[in-house]
Amino acid sequence: MRRAIAICPLDPLRQVGTVTLAAHDRHRRRIRMTDDDGEDFLLDLPSATYLRDGDGLALDDGGIVAVRAALEEVADIHAASPEQAARLAWHVGNRHVPVQVLPGGGLRLAADPVLLALAECLGAEVTRHRAAFQPEPGAYDPHGLLAAPDPLVRWG
């Protein structure tokens, strides 16, 4: 069975397939996966990693499988003022749910009826639809806010 052993940049000359995954299926270390053409491979990374849309999975035979974000039931929430945006962000953050920050400051959430009702009660514009969901990584994720820009830099 093919093994994906590292995350790498995409290289169209080496790309041998794609794997489309929902947000909750993209935080992995070791699991059997099936690419979009039905071919199995083993994801075998050194540590649990959040796979982002556009990442490449380097196979042990030299090929690359591209990671794609699946379309999911989501809701985009937009505030009418900076104060309302801050209030919405606080309430969403207080519930510790995955959130994607959209260009212009909107928030994208999984379509949770309770949170969407809360957002509407706070006066936000809520648009439900299907889209790729790319939540913010945690602070300690390699792609996260505290990741060192230089691999030689260590956080104290």
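The values are calculated or read from the model by the stated rules, or taken from the named source; none is laboratory data. These figures come from a predicted structure and were not determined experimentally. Note: ideal-geometry Cβ built from the backbone for every residue, glycine included; neighbour counts use all protein chains shown.
Can you find, within the range 106-126, the residue that is surrounded by the most Cβ atoms within 10 Å (Cβ to Cβ) among those that are in contact with a His (Cβ under 8 Å, 6 or more places away or on another chain) and not hydrophobic (A, V, I, L, M, F, W, C)? Within the range 106-126, the match that is surrounded by the most Cβ atoms within 10 Å (Cβ to Cβ) is G106. All of A48, A85, A75, A66 fail the test of being modelled with pLDDT under 95 and either surrounded by 16 or more Cβ atoms within 10 Å (Cβ to Cβ) or assigned to a helix (DSSP H, G or I) (or both), apart from A85.
Among the residues of the range 1-45, those identified as assigned to a loop (DSSP other than H, G, I, E, B) and not charged (D, E, K, R) are M1, P9, L10, P12, L13, A22, G38. Restricting attention to the range 12-45, the residues that are surrounded by 13 or more Cβ atoms within 10 Å (Cβ to Cβ), modelled with pLDDT under 95 and over 20 Å from the mean Cα position of the chain (by Cα) total 0.
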